[in-house]
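Here the structure is laid out as structure tokens; the discussion comes afterwards.
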Amino acid sequence: MGTRSERAADGEAAVAEDQAPPSEPASRRAAGGGGGPGVFIGKHRLAAAIACLDQEILSLQKELTELETMEPSSASCKEWVFQFTHCSILSSLHVCVSVVNAQLCNSFKNNCRVVASTEGKPDPLLPITTGPENSSWDRWFQRVRSSRNKWWAHKASDFS
Amino acid sequence: MSVAELKEKHAAATATVNSLRERLKQRRQLLLDTDVATYTKNQGRSPVNFSATDLVCCRTLQGHTGKVYALDWTPEKNWIVSASQDGRLIVWNALTSQKTHAIKLLCPWVMTCVFAPNGQSVACGGLDSACSVFNLSSQSDRDGNIPVSRILTGHKGYISCCQYVPDQETRLITSSGDQTCVLWDVTTGQRISIFGGEFPSGHTADVLSLSISSTNPNMFVSGSCDSTVRLWDLRIASRAVRTYHGHDGDVNAVRFFPDGLRFGSGSDDGTCRLFDMRTGHQLQVYARQPDRNDDEIPTVTSVAFSISGRLMFSGYSNGDCYVWDTLVAEVVQNLGTLQNSHEGRISCLGLSGDGSALCTGSYDKNLKV
């Protein structure tokens, strides 16, 4: 069994074994008719579908126009790597954002304002990381006294 | 206008859409002049260096009697909620390995679970096409089961993923096999917005996962069997803000990068990818080296980033759990080969709130921290 969609399909097949097959949807029954209500439903759905496609066309044209002036991926890569490199250094020097605002150019300020809370963040899962050590990171390696209670602990107890 | 004329107009519009999509694809290809790894390596940067003992398994949470399908951490406490094929949610104190709650579900075919931001409630969903919310402080019934607090009904297909809007106990987003995502008011049980569907432009196949930006909670991305990821604005349900192409198979997992401006995705095509949310550029492909032992390409089931974003964790259908250096696109560790690792497919994974621990869930019925 594979991904979520395959799991869902297998599950649905198992659940639906005892169920009656679904009845044909009303729209399918009505669509092929020559006149009357069936034609109205068909025209209505077609018109709605065309309106949707027209919106899609506008959206795609807008995106194409954006791409005419968009910078290549190298610019995005450069911005991201820059943020990793420079804001990590700033974080390790404990430079606060207010100092950055006062002294540095706008684009650098904006980059660091965005990522001072991310790439500059001390990362407990890295072998070497920036910033001061946080002793709570080591709680996973400390011995924990196990309770002798049954596993469905009382609701009122605080386990945090 | 007659039906025949409308059909002609529909065909013409469809052809225009297809032509524009092809032009967009070609234009984007021209703009892909490099990727993050190439750029970084040209600067002489080397990968993170892990020793054999830098990442160790320090807890095995045993108790489920079926495959583990989903897990989630509380934002601040050390609690984990997991969902399993055994039809139960279990809430664990990950520090002590104790089970604090075991919730027997009305529908055993659960596929996703999540903690509310305050850690007082959990939500789950699956083949019942509904999202059930349980208050962990509720009084248990005679059989020891917690009653459901709210059932969110309206989807016409299975619930594949659910996430609370950050810091909002009353708003939750679900993704579904009915090709839509829905924003719910948990208090009233009402749908606030529907993203996608037959006429509003959206995914054209089952939606399998979603992730909400932590820095801009109005934005979320969804991954689908239509091989795309789409960006949505909670305030504008009429159409996706942007569609990200690149994967060649179902997108099983999406996760925002910590800065909320990029996101990672994992797919049946065996790759993970990093996209720039604002420009739509595919910044990097994280592809496994072919392995002679693989009968077929292992699919990516789950992705998560470390708190700094330098590491990306990806779970695979063959039990591997790769740790990628996101900057140089190299695998720096495979948790699946460590001592005491899982014995089956990794189905889900997630980082604790402070980033100090990774939890993985598996078809071997266990969770590991």
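The values are calculated or read from the model by the stated rules, or taken from the named source; none is laboratory data. Quick caveat: nothing in here was measured; it's all calculated off a predicted structure. All Cβ positions, even for glycine, are placed from backbone atoms using ideal geometry, and neighbour counts span all protein chains on display. Areas reflect the complete protein model, heavy atoms only, side chains present, ligands, DNA and RNA absent. Shrake-Rupley method; radii C 1.70, N 1.55, O 1.52, S 1.80 Å.
The single condition among (1) aromatic (F, W, Y); (2) touching a residue at least 12 places away in the same chain (Cβ under 8 Å); (3) closer than 30 Å to B:E330 by Cα that B:W92 does not meet is (3). Of all residues in the stretch B:33-59, those that are on the phi < 0 side of the Ramachandran plot have Cβ atoms under 6 Å from Cβ atoms of residues that are among the acidic types (D, E) and surrounded by 14 or more Cβ atoms within 10 Å (Cβ to Cβ), 6 or more apart or on another chain, in B:P47/B:D325; B:P47/B:E330; B:V48/B:D325. In the stretch B:337-359, the residue that is farthest from B:S267 (Cα to Cα) out of those that are surrounded by fewer than 22 Cβ atoms within 10 Å (Cβ to Cβ) and among the hydrophobic types (A, V, I, L, M, F, W, C) is B:L338. Being within 30 Å of A:F82 (Cα to Cα), among the basic types (K, R) and at the interface with another protein chain (Cβ under 10 Å from one of its Cβ atoms) holds for only one residue in B:R59, B:R28, and it is B:R28.
Here B:Y69 qualifies as touching a residue at least 24 places away in the same chain (Cβ under 8 Å) and either touching a Pro at 6+ places or on another chain (Cβ under 7 Å) or open to solvent by less than 80 Å² (accessible area, probe 1.4 Å) (or both). Please state which of the following conditions A:S74 fails to meet, knowing it meets all the rest: (1) open to solvent by 40 Å² or more (accessible area, probe 1.4 Å); (2) at pLDDT 85 or above. Of everything listed in (1) open to solvent by 40 Å² or more (accessible area, probe 1.4 Å); (2) at pLDDT 85 or above, A:S74 misses just condition (1).
Yes/no matrix, rows are residues, columns are (1) touching a residue at least 60 places away in the same chain (Cβ under 8 Å); (2) of a type outside the set (A, V, I, L, M); (3) within 14 Å of chain A (Cβ to nearest Cβ):
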position: B:E330; (1), (2), (3): yes, yes, no
position: B:Q333; (1), (2), (3): yes, yes, yes
position: B:G336; (1), (2), (3): no, yes, no
position: B:I346; (1), (2), (3): no, no, yes
position: B:G350; (1), (2), (3): yes, yes, yes
position: B:G355; (1), (2), (3): no, yes, yes
position: B:C359; (1), (2), (3): yes, yes, yes
position: B:S362; (1), (2), (3): yes, yes, yes
position: B:K365; (1), (2), (3): yes, yes, no
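Tell me which residues, restricted to the stretch B:116-141, are open to solvent by 10 Å² or more (accessible area, probe 1.4 Å), within 13 Å of chain A (Cβ to nearest Cβ) and within 19 Å of the chain's Cα centre (by Cα). Within the stretch B:116-141, B:L127, B:S129 qualify. Of B:D86, B:D72, all but one fail to be outside any strand (DSSP E or B) and either more than 9 Å from chain A (Cβ to nearest Cβ) or under 30 Å from A:H44 (Cβ atoms) (or both); the exception is B:D86.
Listed by position, the strands (runs of 3 or more DSSP E) enclosed by the stretch B:103-202 that each have at least 2 residues that are more than 30 Å from A:L60 (Cα to Cα) and in contact (Cβ under 8 Å) with a residue 40 or more places away in the chain are B:110-115, B:121-126, B:130-135. Against the conditions (1) of a type in the set (S, T, Y); (2) closer than 30 Å to A:E66 by Cβ; (3) more than 12 Å from chain A (Cβ to nearest Cβ), B:S314 satisfies every one except (2). How many residues does the stretch B:1-37 contain that are in contact with a Ser or Thr (Cβ under 9 Å, 6 or more places away or on another chain), of a type in the set (S, T, N, Q) and open to solvent by 50 Å² or more (accessible area, probe 1.4 Å)? Looking only at that region, the number is 0.
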